[in-house]
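Remarks on the structure that follows.
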Amino acid sequence: MVNFNGKIINKETANLSINNRGFAYGDSVFETIRVIHRKIMFWEDHYFRLMASMRIMRMEIPSTFSPEFLEEEIVDLIKARNLENKPARIKFSVFRKEGGKYTPQFRDIEYFIQAWEMENAFYLLNDSPYEIELFKDHYINSGLLSTIKHNNRAINVLGSIFASENNYDNCLLLNEKKQVCEALNANFFLVKDNHIKTPPITDGALNGITRKQIIEILKKLPAYSFSEESISPFELQKADELFITNVGIGIQPVTKYRKKEYEDKVAKDLLAKLNMRARLA
């Protein structure tokens with residue numbers, strides 16, 4: 001069951017024909033959103049990132065695409081799926097209308113919204129062993145396109161296969177300058193002493209919503225200093241702590257990279273503050 005262009009229909013593959021431009025050319029962007037009891041977490045941030053992504057992809061933004069309208073579309077699907085009193089994960093996908101080849105025949109768009117029930121309303125710390133490695137077969141290009149959630153995710157797919165085949169829980173992706181930019185499915189943070197840093201989006205890091213929330217939290221905490229700056233792979237084994245962040249998991253501490261094992265003190269502290277921020281959002 002999906003919300004397809006404002007209509008709730010019982011078809012998960014709504015309009016995904018072979019001619020769909022998202023399918024054929026990756027001409028699509030999406031948002032992954034967390035909803036708790038019909039309340040959309042950090043909705044304003046998600047909305048403005050979606051609008052920015054559509055502009056970067058030079059899609060025609062409908063005049064109806066106000067925050068209120070899209071919020072209502074999401075809530076309508078939540079109601080139809082009987083998820084009003086349950087935590088839910090939303091995927092809001094936007095793609096250009098069919099027509100043309102590489103050059104689109106139309107600039108205007110269609111969209112569909114999917115919803116799944118989640119197990120937990122707020123974030124829980126996963127303190128199980130979590131080992132990572134570098135994925136070096138392919139590189140992320142630093143630049144504006146890497147900062148948005150489009151569906152050209154070949155590197156993430158290949159990196160995930162590499163991680164699965166080698167029994168890693170995740171991998172870190174590098175840009176063309178051999179700088180760490182993100183994990184396969186999340187933003188990346190490094191802790192050394194009381195200083196925390198994350199790669200800037202100019203290095204190819206996704207402009208993540210949870211990343212933004214963590215940065216805002218850190219800037220208000222006198223116990224830590226914070227910076228957005230490039231991270232070399234050589235810094236990883238010198239760090240005290242590594243963690244990754246996204247909308248689905250919140251914060252995931254890394255326990256091991258090669259021969260180095262890490263603490264999770266900062267991750268625990270920030271996760272509690274992230275949950276409080278989500279409750280007040």
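Laboratory data are not the source of any read-out in this text; all were calculated from the coordinates shown. A quick note: this is a predicted structure, and the numbers were derived from the prediction, not measured. Reconstructed Cβ throughout: ideal geometry from the backbone, glycine too, with neighbour counts over all protein chains shown.
Let me check against my output: what whole-number percent is the relative contact order of region 2-117, with C-alpha pairs under 8 Å and at least 6 apart?
37 percent
To the nearest 0.05, what FRET efficiency results for K220 and R107 with a Förster distance of 45 Å applied to their C-beta separation?
On the way: r = 41 Å, r/R0 = 0.91.
With R0 = 45 Å, the Cβ-Cβ based efficiency is 0.65.
Using helices alone, I'd like the mean residue ellipticity at 222 nm for the chain: each DSSP H run of four-plus residues gives -39500 (n - 2.57), total over residue count, nearest 500.
-8000 deg cm²/dmol
For D269 and A52, calculate 0.36 nm times their separation in residues minus their Cα-Cα distance, and state this gained length in nm to one decimal. Intermediate values should be presented prior to the final figure.
Values: separation 217, 0.36 × 217 = 78.12 nm, distance 3.13 nm.
Additional length available on full extension: 75.0 nm.
Give the Cα extents of region 26-71 along the principal axes, in whole Å, largest first.
For region 26-71, the Cα spread along each principal axis is 33, 22, 14 Å.
So for D45, D203, D193, fewest C-beta neighbours within 10 Å to most, what's the order? Could the numbers behind the result be given before it?
Working: D45 18, D203 24, D193 9.
The fewest-first ordering by Cβ neighbours comes to D193, D45, D203.
What ranking do W116, W43 get, fewest neighbouring Cβ atoms within 10 angstrom at the top?
Numbers: W116 11, W43 18.
Taking fewest neighbouring Cβ atoms as first place, the list is W116, W43.
How many percent of Cα pairs in the chain exceed 29 Å? Spell out each step's value before the answer.
Details: 14074 of 39340 pairs.
Result for the distance tail: 36 percent.
Taking 0.36 nm per residue of sequence separation and subtracting the Cα-Cα distance, how much length would be gained by fully extending the chain between D137 and E176, in nm to one decimal?
Values: separation 39, 0.36 × 39 = 14.04 nm, distance 1.13 nm.
Length gained, D137 through E176: 12.9 nm.
If you fit an axis through the alpha-carbon atoms of helix 154-165 and take the longest principal axis of the Cα set of the chain, what angle between them do you get, 0 to 90°, nearest 10?
Result, in degrees: 50.
Which residues in region 68-91 have a backbone N closer than 15 Å to a point placed 7 Å from the Cα of W116 along the Cα-to-Cβ line?
Under 15 Å, as judged by backbone N against the label point of W116, lie 87-91 of region 68-91.
Just subtract the alpha-carbon distance of M276 and A154 from 0.36 nm times their residue separation and send over the number in nm, one decimal.
Values: separation 122, 0.36 × 122 = 43.92 nm, distance 3.50 nm.
Difference between extended and current length: 40.4 nm.
Helix 67-80 against the longest principal axis of the chain: what's the angle in degrees, Cα atoms only, rounded to the nearest 10?
90 degrees
Taking only Cα atoms of region 54-196, what ratio of Rg to Rh do you get with Rh as the Kirkwood inverse-distance radius?
Working: Rg = 19.0 Å, Rh = 18.6 Å.
Value, to two decimals: 1.02.
Any idea what angle helix 265-280 forms with the longest principal axis of the chain, computed on alpha-carbon atoms, 0 to 90 degrees, nearest 10?
Roughly 30 degrees, rounded to the nearest 10.
What nm value, rounded to one decimal, do you get for the distance between D193 and N82 when each label is placed 7 Å out toward the C-beta?
Distance between label points: 5.7 nm.
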